[in-house]
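Trainee: First, the structure itself, so that you have it in front of you.
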Number of protein chains: 4
Amino acid sequence: MAAANSRRVPRAERERQMLDAAVAVFARRGYRAASMDEIAEAAGVSKPLVYLYLNSKDELFSACIRREAAALTAAVRDAVEEGATPERQLWSGLLGFFEHAAVHPDGWTLLYSQARTVGEPFAAEVAVLRAEIVAFVAALIAAACGSRDVEAYAHALVGAAESLAGWAAAAPAPAPTGKELAASLMTFAWSGLSRALPAPDPEAAGGSSAAEG
Amino acid sequence: MAAANSRRVPRAERERQMLDAAVAVFARRGYRAASMDEIAEAAGVSKPLVYLYLNSKDELFSACIRREAAALTAAVRDAVEEGATPERQLWSGLLGFFEHAAVHPDGWTLLYSQARTVGEPFAAEVAVLRAEIVAFVAALIAAACGSRDVEAYAHALVGAAESLAGWAAAAPAPAPTGKELAASLMTFAWSGLSRALPAPDPEAAGGSSAAEG
Amino acid sequence: MAAANSRRVPRAERERQMLDAAVAVFARRGYRAASMDEIAEAAGVSKPLVYLYLNSKDELFSACIRREAAALTAAVRDAVEEGATPERQLWSGLLGFFEHAAVHPDGWTLLYSQARTVGEPFAAEVAVLRAEIVAFVAALIAAACGSRDVEAYAHALVGAAESLAGWAAAAPAPAPTGKELAASLMTFAWSGLSRALPAPDPEAAGGSSAAEG
Amino acid sequence: MAAANSRRVPRAERERQMLDAAVAVFARRGYRAASMDEIAEAAGVSKPLVYLYLNSKDELFSACIRREAAALTAAVRDAVEEGATPERQLWSGLLGFFEHAAVHPDGWTLLYSQARTVGEPFAAEVAVLRAEIVAFVAALIAAACGSRDVEAYAHALVGAAESLAGWAAAAPAPAPTGKELAASLMTFAWSGLSRALPAPDPEAAGGSSAAEG
DNA sequence: GATGAATGAGAATTCATTCAT
DNA sequence: TATGAATGAATTCTCATTCAT
């Protein structure tokens, strides 16, 4: 985890190193269990330097969240094909999301697992990020099918995506690719399980009918 | 949360009180941030008694997880209508899940948010619980539609359910009922968004086709 | 400085021991330079116990100030002969003050030297104590001679007393006794320097006569 | 306090700037609580420069004390009217003291409050200064009235002066002037409180008359 | 069955001080 | 002359854990 680093590094570079190390440590240990000692060591610098540049554990964690959140949203935004059909936008957005999560597992863990569990200042920041994503997805869904209940569907879709990302991250050797995950999720979300295969008459035994019951 | 409880309570009862308090505190604070002091005070007993009965913070947390996991799986198992169609089983299982999560928000938070973020001994326990649920769901899906890719669908479905439960827990005053959540998710998962409403020709623009691209 | 102490001491007793140690250390080192480690060691206990009972360095210091201030004012109050002439009251009050300062040099140092130099919360507490003493002295002066400018005189007298106390504390072996100090100050303050000598019969007037009482 | 000062300043000037800043910061915070960072910033230079010129925190503090002590003694010495009567000399010295203290509150605070509380190397330096002043005052008193007990009187007088200076420094808006303080103290010390009022003609004797002279 | 008294180990944070340039 | 980069050594405070009763 430590770092091979030379002395006398310019500040911007050092800050990046520190954030890299901090994201990794926070992701692995969680906010409370991560120690500034471990982060400093992972960054290959002394603890006082971390404080000199990033002020406190709180601010450091916050900076990590903001950086990773920005990176994630940028990845998704860049991936979305503007002007395409909503379905296609959703597909490309999911692809961007899965690929980013696969390439930055620590950032993903930080946002998904750790930041939500650390009571206030931080949970709020992540909640905002998540709310933005849900809103974006909800808009796409609404554009695509005008459904009511859009919010619930959006939450379901986002949760499904997160779950798949986590599954892929923990999966053994030949982990599903981003494309495979996106494809599964699009099938799942767009056509439904009843379509996913043979069942000829999904409506007959369907959830809605059950719901009516 | 604290309690003025009478002295000389039988051991089983005392343990229950302690676990109740611990689940509440762990859910609110997370494993690391929760202190044995706070738990003991919330339970209305002295700290040494907590140690006498539950040995250590680790074991206490572990006991909390096991109790809540057992309660959740029991709730789901009891809710499932055996012998019904897979769809119907899935529906009833989801309903049981949402209702249990709504009634036991602390237990739900403990399992969903906290236990996953606390490195090893515990994450494994929760992973097992989750794997069981996913396997159960996967079996239902396979029974219903024989789909390949069943595992991905199951993870997606479980993640969607968790996300909806979290959304409902955080929602303002008239939170969605378990029935509503289950209905939304069944529609979403079974029929797909393309069916969710008007779109006349879901297949034409479908996710699978996009996936092929 | 350390303490021979037995384990398992009741709380009230332990707190007293800790305050004794803290007063000594704060007096010798000053607030900032005193370390909780040193205080704990001087009290013969572990640091956590100090925190358990007294919460923080701030509160500990504050408790020291309050205790010593209360002791000092009680000593002076008890020494003042109520109902006597203002001069005699002043004399007896000064005597009480000097004797208390001589017997409790650490408490005296704490109040006089240390507490004043520590920025806010504490300086205010000591300022209040001092203001009370000045007001008391001012009242005596006013009663005795109805002078205007009473406030300035009172400040001068109190400052003179403090200075003498400090001098006596630092003086070599046969330090002036409280009685001697009080006599000097009474002469000084009551009759003035112009009287201090030219007066052929110093014994006749001022402090010494009072001292005989 | 901070300063935007130009680069390439000659050494003597820079040292003065640093001492100015250091006196201000030490006076406000005390020795321990003052940080070299704050001092450097207040001086408008980088920390290494402070070390280059003044070597260490200890030496810096010591330099501050010596400079302010020299300034104070110079102010008093210059104010004393040599050749005049002892009473008149005392009066003019007090006046010089009060006026200097009023004009240099930071220096005064440094010497009076802070330096005494910082245990050894420094307390000694200040003690020397104080001893010199006391000796000077004692000589005047002895010259004026030949009193025995001169040392106690001198300590009392010096303490009274310090107390009045501190009172004036903390006093609200129309703080007593140096002249008023000196007059009060001369009256107090020379004629005594017993004279302060009953005396039908206070003006005749004591400080004010001296002041007029 | 229950607790008041006590602590070892470790966490965040700050500070005086020094290189390398 | 002057500084940006960097750190060893404290210091305050917290916590899980254990005795002795």
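Trainee: If we count every other residue with Cβ under 12 angstrom of residue C:167's Cβ, Lys/Arg +1 and Asp/Glu -1, where does the sum land? List each step's numbers first, then the result.
Mentor: Working: positive: D:130; negative: C:162, C:180, D:151.
Around residue C:167, the charge tally is -2.
Trainee: Then there's this: Rounded, prolate or oblate: which fits region C:71-194, taking a ≥ b ≥ c as square roots of the Cα gyration tensor eigenvalues, rounded meaning a/c under 1.5, else prolate when a/b beats b/c?
Mentor: Oblate, since a/c reaches 1.5 and b/c is not below a/b.
Trainee: Among all the aspartates and glutamates, which ones have a C-alpha under 17 Å from residue D:57's C-alpha, if same-chain residues fewer than 8 places away are not counted?
Mentor: D:15, D:20, D:37, D:38, D:41, D:68, D:120, D:125
Trainee: Right, next: Quick check on the protein assembly as shown: helices-only [θ] at 222 nm, where DSSP H runs of length 4 and up contribute -39,500 (n - 2.57) each and the sum goes over total residues. Nearest 500, please.
Mentor: Computed ellipticity for the protein assembly as shown at 222 nm equals -22000 deg cm²/dmol.
Trainee: So for the protein assembly as shown, Kirkwood radius off the Cα pairs, Stokes-Einstein at 20 °C and 1.002 mPa s: how many µm² s⁻¹?
Mentor: Answer, rounded: 64 µm²/s.
Trainee: Once you average over the residues of D:159-170, how many Cβ atoms of partner chains fall within 10 Å of each Cβ?
Mentor: Mean shielding count: 6.
Trainee: Another question about this same structure. Placing a label point 7 Å from Cα toward Cβ, how far apart in nm is residue A:11 from its equivalents in the other copies, listed shortest first to one decimal?
Mentor: Label-point separations across copies, in nm and ascending: 3.0, 5.0, 6.2.
Trainee: Next question, about the same structure. Could the peptides B:103-110, A:72-79, C:150-157 be put in order, highest first, of the mean number of other beta-carbon atoms found within 10 Å of their residues? Write down the numbers at each step before the final one.
Mentor: Details: B:103-110: 20.4, A:72-79: 16.6, C:150-157: 25.1.
Highest to lowest by the protection proxy: C:150-157, B:103-110, A:72-79.
Trainee: For residue A:177 paired with residue B:74, estimate the spin-label separation in nm (one decimal), with each label point 7 Å from Cα along the Cα-to-Cβ line.
Mentor: The modelled label-to-label distance comes out at 4.7 nm.
Trainee: Give a residue-ordered list of calculated ³J(HN,Hα) values for region A:25-42 (Karplus: 6.51 cos²θ - 1.76 cosθ + 1.60, θ = phi - 60°; whole Hz; x for Gly, Pro).
Mentor: 5, 4, 5, 6, 9, x, 4, 5, 6, 5, 10, 4, 4, 5, 4, 4, 5, 4
Trainee: Oh, and also: Evaluate peptide D:181-191: per residue, the Cβ atoms of other protein chains within 10 Å of its Cβ; return the mean as an integer.
Mentor: For this peptide, the per-residue mean of nearby foreign Cβ atoms is 5.
Trainee: When Lys and Arg each count +1 and Asp and Glu each count -1, what net charge do the other residues less than 15 Å away from residue B:74, Cβ to Cβ, add up to?
Mentor: Net charge around residue B:74: -2.
Trainee: In addition: Between copies, how close do the residue D:177 label points come, placed 7 Å along Cα→Cβ, listed in nm from shortest?
Mentor: 4.7, 8.7, 9.3
Trainee: In whole Hz, with x marking every Gly and Pro, tabulate ³J(HN,Hα) for region B:133-141 from phi via Karplus 6.51 cos²θ - 1.76 cosθ + 1.60, θ = phi - 60°.
Mentor: 5, 4, 5, 4, 5, 4, 4, 5, 4
Trainee: Between residue A:81 and residues 5 or more places away or on another chain, which pairs have amide H atoms under 5 Å apart, with H built 1.01 Å from N, and which residues are they?
Mentor: A:92, A:93
Trainee: Note the distances from residue C:121 to each other copy's matching label point, with points 7 Å along the Cα-to-beta-carbon direction, in nm, sorted shortest first.
Mentor: Going from nearest to farthest copy, the values are 2.2, 3.3, 3.9 nm.
Trainee: Now for a separate question. Residues with amide H under 5 Å of residue D:149's amide H, sequence separation 5 or more or different chain, H placed in the peptide plane at 1.01 Å from N; which?
Mentor: When sequence neighbours closer than 5 places are left aside, there are no close amide H contacts.
Trainee: Would you mind counting up the charge near residue A:89? Only other residues with Cβ under 13 Å from its Cβ, with Lys and Arg at +1 and Asp and Glu at -1.
Mentor: Combined, the nearby Lys, Arg, Asp and Glu give -2.
Trainee: Once phi is turned into ³J(HN,Hα) by the Karplus curve 6.51 cos²θ - 1.76 cosθ + 1.60 with θ = phi - 60°, what whole-Hz value does each residue of region B:107-117 show in order, with x for glycine and proline?
Mentor: x, 4, 4, 4, 6, 7, 8, 7, 5, 6, 8
Read the figures in this text as sums done on the coordinates, not as results from a lab. A quick note: this is a predicted structure, and the numbers were derived from the prediction, not measured. A quick note on method: Cβ atoms are made from the backbone with ideal geometry, for glycine too, and the neighbour counts reach across all protein chains shown.
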